[in-house]
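The structure appears below as structure tokens.
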Amino acid sequence: MAQICPPGSILVADWHRSKDSKEYFNKILHKKRRRKFGLLESPMMPPHLAVDTVHYKIFICGKSGVGKTSLAARLAGMNVPNMHYETKGIETTMVYWPVKLREGGKVLFFCLQLWDCGENALRRFDHFLPSCQEQVDAVLLLFSFTDKTSFDDLSNQITRWTGTSLVKVVVGTKFDLFMHCDVTETDVRTFEETRSLPVLHMGGEDIDGLGDVAPLLNCLAENLWHQDCVAAASGTRRSQQETEALI
Amino acid sequence: MAQDGTPQLICLTASSGVPLFTRGANRQLPFSVIGSLNGVHMFGGSQGVVVSSSSTEGGGKVVWRVFQDSVMLIAVCRGGHGGAGSSSRAEQVFLQRLLENVWNCMVLVLGQDELGNVRNVERLKKDLRSCFSLIDQLLEDGQEGVFGNLTHCADSLLPPDPGLLQEAVDGFAKSADSEFGCLIVRGRIAAATEKWWRLAPQEVVLLSALVRSLAGSGTSSCDYPVFLPRGSPNVAHRLLRFQLLPGADVCILCGPTPSLHRAETRLVVPFWAPLMETLRACLAVGQHCLPASVSPRPDVMAVLLINRETRRCVTCVQPNLQTSDPPLPSRQRCWELLKLFYSFSVTRYFPQEDTLCVVPEDKDPRSNAEDFVLSFSHNPLQCYLVTEECKSFGLQTPQHQLFLLTPLSVPTFALQTLASQTLSDIVSATGF
Ligand SMILES: Nc1nc2c(ncn2[C@@H]2O[C@H](COP(=O)(O)OP(=O)(O)OP(=O)(O)O)[C@@H](O)[C@H]2O)c(=O)[nH]1
Ligand SMILES: [Mg+2]
């Protein structure tokens, strides 16, 4: 398994705040909101600024009600549902995210396709899990700060994915509901150290539009890129990744 | 109806009256009232009477219906000013359609088996939650100008370039080993395979509603299990949906293959990327449903045209309503008035070919509408209605039904000509 990379080791940290990122981020914004892209579209830069787009498939897992659908919506800048409507099948969401590599200063667009499958649907129908796992590049393992059992269940979740070369990121949801907080800072720190997996938290009002999602998207992009570099160095870079990037 | 706030919907087990869920309305009915509503129906049952609807002096309305001997649905609508053509009878049609749609939507999501034999009430309650987004959409009567829930005809959009899209839908479905494919633009069907049109009309309408609700959340593709209330109530098919452009979704119904990942990476781009411009032109048609070449005459405020054979409908509201004195109804009001006039016409003059689910023994004491329709020895071909807000005219031919609204300034004697001309304009330009 690839080692985790500390934030800012490969990508320019907080790049969305710097001036030179503006023209790139403008491509994913529309009237101060995130632009929606259909499957036939992607952010287009003028020819002299052409950038490569790299595609990844990310599976979001965690028990029903933990906040998978909400997280996907939040990362894509869509309206976050305030009611819990159980997800009946698989829903995927495209998130485009520009990053700048520290070495060489190259800019890339990450196209992260988030795969969200309702936990109860996953149990009811056998074909959903294999479909989510097919050629997946990363998993987001979710727990809720308001539900200790979801945190305790993480170990089980992680074991399900051992042996596969995948980026794994743990996300604690509902961090804003501190009144009902059931998982402590110490719990989280201990977990991070023993598992050596990054743990991020989500929740609360979105402040500057991108600020609340940037840490998670950058963390994902950084680890995915790192994983690809390691794979390329060992000569096992998956050919499917390349064909996908060509389309 | 719509302007009085959304109706309230109550779902109970039919045998024991255990509440399964309630939706809609801002003000919840107290539990004791729900209990009484159920009690009235049960009491009727014990006397050999089916209680199916009731109205209050203030114009409120309650409609009951039991499905599969297992689930009871009750819709409650507070009374109010209905406006043109609003009659107790028309509201009843609306509520009965609603119950039928809600049931179909529960079957679509959960399958008939699970609803038909309730073994574990708590389990069912939990599972029913996955129908809420779709049911709420039905209650709120979602998108303006979408009539399918009421007419059970598929809301359609007539694209400027139908041939290319038809070919693409056919080819795309075939490449995914499916015979059922459909392109939905702005919530309306722009092209579909022949087999898709052979699904039961309610199913076509329901699938469109599902795609609207899925597309509304901003996701780019999905793989959803669906049970078809008529065609396959116990075995789930897969509905794959791909958002090609915001507002344009293509979907197929299929079996175990292909996987969502495979269909998306291998099939979507090759089939649809060449049609980007055609799709954009289709999106530009927008709310209007008709190609720009067929604009309704200036005197027409709103049109609903139904093809009775294909069970499809198109609607539009005049894009440039003139200002006048007295002021014309707003766009939104035009849609409401058109819905009311449709319900009014089909309950009084143009009986529906599709069962309106009005049980024969159900006699509404306040109107003898049914006797009225049945007493005709002939089939009415036209009807009109003049109210304080507008004039309305309905026309039927063996192939079509047309409903239109005009400002009060249009002389009543001119309505018939206007309607026939509008019909022939649209049909000759689009072949609808
Ligand atoms: N306050 C707060 N509420 C949240 C947060 N994330 C999710 N929720 C709420 O939690 C509930 C469930 O969220 P969903 O995202 O629908 O849950 P899910 O994991 O997709 O559940 P399934 O589809 O059933 O597997 C919703 O009512 C959300 O509004 C958060 O970060 N903060
Ligand atoms: Mg969900």
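The values are calculated or read from the model by the stated rules, or taken from the named source; none is laboratory data. Here the structure is a predicted model, which is why all the values come from computation and not from measurement. Cβ sites come from the backbone with ideal geometry, for glycine too, and all protein chains shown count toward neighbours.
A few points about this structure:
- The sole residue among B:Ser178, B:Ser220, B:Ser208 that is in contact with a Ser or Thr (Cβ under 9 Å, 6 or more places away or on another chain) and touching a residue at least 24 places away in the same chain (Cβ under 8 Å) is B:Ser178.
- Members of region A:26-48 found to be out of contact with any strand residue (DSSP E or B) (no Cβ under 8 Å at 6 or more places or on another chain) and assigned to a helix (DSSP H, G or I), listed by number: A:Asn26, A:Pro47, A:His48
- Out of A:Asp52, A:Asp126, sole residue that is surrounded by fewer than 19 Cβ atoms within 10 Å (Cβ to Cβ) and more than 10 Å from every other protein chain (Cβ to nearest Cβ): A:Asp52
- Under the condition of being aliphatic (A, V, I, L, M) and touching a Ser or Thr at 6+ places or on another chain (Cβ under 6 Å), the residues counted in region B:254-275 number 2.
- One residue from B:Ala273, B:Ala236 being touching a strand residue (DSSP E or B) at 6+ places or on another chain (Cβ under 7 Å), of a type outside the set (Val, Ile, Thr) and facing another protein chain (nearest Cβ under 9 Å): B:Ala236
- Taking the criterion of being of a type in the set (Ser, Thr, Tyr) and modelled with pLDDT of 95 or more, the only residue of region B:378-405 that qualifies is B:Ser392.
- Conditions (1) of a type outside the set (A, V, I, L, M); (2) surrounded by fewer than 13 Cβ atoms within 10 Å (Cβ to Cβ); (3) in contact (Cβ under 8 Å) with a residue 40 or more places away in the chain; (4) away from chain B (no Cβ under 14 Å); number of the one not met by A:Arg33: (4)
- Every pair of residues 6+ apart whose Cβ atoms lie under 7 Å, when the first sits in region B:92-113 and is more than 14 Å from every other protein chain (Cβ to nearest Cβ) while the second is assigned to a helix (DSSP H, G or I) and of a type in the set (Gly, Ala, Ser): B:Val93/B:Ser343; B:Phe94/B:Ser343
- Evaluation of A:Ile158 against (1) free of Cβ contacts under 8 Å to residues at least 60 places away in the same chain; (2) within 16 Å of ligand 1 (Cβ to nearest atom) (one fails), failing number: (2)
- Any chance A:Val171 is in contact (Cβ under 8 Å) with a residue 60 or more places away in the chain, part of a strand (DSSP E or B) and within 11 Å of chain B (Cβ to nearest Cβ): no
- Summed over region A:140-190, the residues that are closer than 26 Å to B:Thr265 by Cα and in contact with a Ser or Thr (Cβ under 9 Å, 6 or more places away or on another chain) give a count of 1.
- Residue satisfying condition, being at pLDDT below 90 and in a helix (DSSP H, G or I), within set A:Ser155, A:Ser150, A:Ser165, A:Ser131: A:Ser155
- Checking A:Lys68, A:Lys31, A:Lys36, A:Lys27 one by one, the residue that is closer than 24 Å to B:His261 by Cα and more than 16 Å from ligand 1 (Cβ to nearest atom) is A:Lys36 and no other.
- Residue satisfying all of: in region A:55-114; near ligand 2 (Cβ under 10 Å from one of its atoms) and at positive phi; nearest to the other protein chains (Cβ to nearest Cβ) among these: A:Gly65
- Condition met for B:Ser156 (more than 27 Å from B:Gly286 (Cβ to Cβ) and polar (S, T, N, Q)): no
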